[in-house]
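K.L.:
Got a structure here, written out as C-alpha cells. Questions coming.
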Amino acid sequence: MADTATITQLLTQRFPGQVTALDMVPPQTAATVDPAIVSELFAFLAENADLKMNYLSAISGIDRTDHIEIVYFVSSLEYKHKLTVKTRVERIGGKINSIQHILPAANWFEREIWELFGVDFVGHPDLRRFLLPDDWNQGNPMLRDWEGEDFIRMPEVQ
Amino acid sequence: MGVISKLPVVLERMPMGTVVATSLEKVLNEGRASSLWYLLFGTACCAIEMMCTGASRYDFDRFGMFFRASPRQADLMFVAGTITHKMAPRVKLLYEQMAEPRYVIAMGGCACNGGPFHYDTYAVLKGVDKVIPVDVYLPGCPPRPESLLEACLKLQQKIKKQKLGEWSSDIRG
Ligand code: SF4
C-alpha cells in the first residue's frame with residue numbers, strides 16, 4: 001500500500017521532468033504527463049510492487065479546443081488506490097502510443113476515442129469502426145466544431 | 001391485402017353493394033380496432049412507461065391489446081424511445097415485416113422529433129417519421145400511461161373511420 005506521498009516520489013523519481021503536474025488530493029489523485037511516456041508509465045504503474053495499478057476503468061477524451069486531452073483512470077485492485085493520468089495530443093492528426101499491450105481493457109476505449117476524436121493510437125491492433133453506423137462518413141463527431149448533415153446546433157439563449 | 005383492397009370495387013358495381021360494403025366495413029373495423037396486438041419494442045426510457053401500461057395497474061388487456069414478440073403477428077408498433085441513426089434501418093425493417101394493415105404510435109418526444117436530443121447531437125434521428133409513417137404522435141418525456149391509453153383510443157377512432165379500400169399501406173402512403 002502506497003500513500004500519495006510515496007506515489008508522488010515513485011513517479012517523480014522514475015520519470016524526472018516528464019510528469020509535469022501532480023494534484024495529489026485524495027480521493028481523485030491526478031498526474032499530468034508527457035504523451036511520449038505513456039507506454040512506459042503504465043508498464044511501470046502496473047508492475048511496480050508498491051503500486052500494482054493494473055486495473056483500467058476508463059479512458060476519456062476531451063476536446064479542449066486547442067488540444068485533445070486524454071484521461072486514463074487506473075487503480076489497484078489489491079491496494080485500493082487509484083490514479084488519474086492526464087495527457088494531451090494534437091487536435092488534428094494527433095498521435096499517441098497505445099497501451100493495449102499492457103492493459104488489454106484499453107482496446108475498446110482507444111478504438112472509441114480514435115473513432116470519435118480522430119486520435120491515432122500507434123500500435124493498436126484493431127482500429128476500425130466501433131460505435132458509429134457502419135456507413136458513417138462524416139468525420140469525428142465529438143470535436144466541438146463538428147457539423148454534419150441534419151445536425152442542429154442549440155440556439156444561443158439570451 | 002390483395003382481395004380486401006379489390007373487394008369494394010367489385011361490391012360497388014353490384015345492386016345494394018354499397019350497403020353490404022358499409023356493413024362489412026363496420027364489422028371488420030370494430031374487430032380490428034378492438035384487438036390491436038402490439039409489437040414489444042422499446043429502445044429507451046419511454047419503454048418503461050409502455051411496460052407499465054401493459055402491466056396490471058393500467059392493463060392494456062381490457063382494450064384487447066396484447067404484446068407480440070414477433071412483428072409478423074403485430075398490428076401496432078409503439079416506437080417507445082430514442083431512435084438513433086444506427087437503429088433507424090432496423091426500425092424500418094421491423095415495420096416492413098409487420099402484416100398490413102399496420103399502425104404506428106410515435107411515443108414520447110424522442111420518437112416525435114428527437115425530443116431532448118433535438119439539438120447538438122450526431123447520433124439521434126430527429127423523428128421516427130423520417131423512416132416510417134406515423135399514425136398518432138404522443139408528446140411527453142416520458143408520456144404517462146394515461147396518455148398512452150389516450151393515444152390508443154385515438155388510434156381506435158381512426159381505425160373505425162377507415163374505408164375498406166384504404167387498408168393497404170400502398171393507399172395509406
Ligand atoms: S422522450 Fe424522454 S422518456 Fe422518452 S425515450 Fe426520449 S428521453 Fe426517454
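The values are calculated or read from the model by the stated rules, or taken from the named source; none is laboratory data. Predicted, not measured: the structure shown is a model, and the values here were computed from it. No Cβ is skipped: glycine too gets one built from the backbone with ideal geometry, and neighbour counts run over all protein chains shown. Calculation scope for accessible area: heavy atoms of the full protein, side chains included, ligands and nucleic acids excluded. Shrake-Rupley method; radii C 1.70, N 1.55, O 1.52, S 1.80 Å.
K.L.:
As a test of reading the structure, rank B:Leu24, B:Leu125 by solvent-accessible area (1.4 Å probe, protein chains only), most first.
P.N.:
B:Leu24, B:Leu125
K.L.:
Right, another one. Compute for chains B and A the buried accessible surface, both sides summed, probe 1.4 Å, and express it in Å² to the nearest 100.
P.N.:
1100
K.L.:
If ligands, DNA and RNA are left out, what is the accessible area of B:Ser147 with a 1.4 Å probe, given in Å² to the nearest 10?
P.N.:
Spelled out: B:Ser147, probe radius 1.4 Å, area about 40 Å².
K.L.:
Let me ask something else. Let me check against my output: what whole-number percent is the relative contact order of the range A:24-158, with C-alpha pairs under 8 Å and at least 6 apart?
P.N.:
This gives 20 percent for the range A:24-158.
K.L.:
Using a probe of 1.4 angstrom, how much of the accessible area of the protein assembly as shown is carbon and sulfur, in percent?
P.N.:
56
K.L.:
Oh, and also: Given a cut-off of under 8 Å on Cα pairs at least six residues apart, what relative contact order in percent is computed for chain B?
P.N.:
This gives 26 percent for chain B.
K.L.:
So, taking all protein chains as they sit and a 1.4 Å probe, how much accessible area belongs to B:Thr22, in Å² rounded to tens?
P.N.:
80
K.L.:
Largest first, how would A:Asp145, B:Asp59 line up by accessible area (1.4 Å probe)?
P.N.:
Per-residue accessible area, sorted high to low, gives A:Asp145, B:Asp59.
K.L.:
Calculate how many DSSP beta bridges within the range B:1-159 are antiparallel, expressed in % of all such bridges and rounded to the nearest 5.
P.N.:
Of all bridge pairs located within the range B:1-159, approximately 5 percent are antiparallel.
K.L.:
Of all the Cα-Cα pairs you can form in the protein assembly as shown, what percent are over 30 Å apart?
P.N.:
56
K.L.:
Suppose every Lys and Arg Cβ carries +1 and every Asp and Glu Cβ carries -1, with no other charges. What dipole size does the range A:1-56 come out with about its Cα centre, to the nearest 20 debye?
P.N.:
20
K.L.:
Looking at the square roots a ≥ b ≥ c of the eigenvalues of the Cα gyration tensor of the range B:64-111, which shape do they give, rounded for a/c under 1.5, prolate if a/b is larger than b/c, or oblate?
P.N.:
oblate
K.L.:
Distance in nm between label sites at A:Asp3 and A:Val122, each 7 Å beyond Cα in the beta-carbon direction?
P.N.:
4.0
K.L.:
In addition: As a check on your grasp of the helix formula, calculate [θ] at 222 nm for chain A: sum -39500 (n - 2.57) over DSSP H runs of n ≥ 4, divide by the residue count, round to the nearest 500.
P.N.:
So the helix-based figure for chain A works out to -6500 deg cm²/dmol.
K.L.:
Can you put A:Trp108, A:Trp114, A:Trp136 in order of accessible area, largest first, using a 1.4 Å probe?
P.N.:
A:Trp108, A:Trp114, A:Trp136
K.L.:
Could I ask something else about it? For the charge dipole of chain A, defined by +1 on Lys and Arg C-beta atoms and -1 on Asp and Glu C-beta atoms about the Cα centroid, which residue among A:His81, A:Asn140, A:Ala58 has the Cα displaced farthest towards the positive pole?
P.N.:
The residue sitting most towards the positive pole is A:His81.
K.L.:
With both bridge residues required to lie in the protein assembly as shown, what share of the DSSP beta bridges run antiparallel, to the nearest 5%?
P.N.:
50
K.L.:
Additional query: Can you find, among B:Thr84, B:Ser34, A:Ala106, the residue farthest towards the positive end of the dipole of the protein assembly as shown? Put +1 on the C-beta of Lys and Arg, -1 on that of Asp and Glu.
P.N.:
B:Ser34
K.L.:
Of A:Lys52/A:Lys95; B:Lys126/B:Lys163; B:Lys86/B:Lys130; B:Lys26/B:Lys154; B:Lys6/B:Lys160, which ones are farther than 22 Å apart at the Cα?
P.N.:
In this structure, A:Lys52/A:Lys95; B:Lys126/B:Lys163 lie more than 22 Å apart at Cα.
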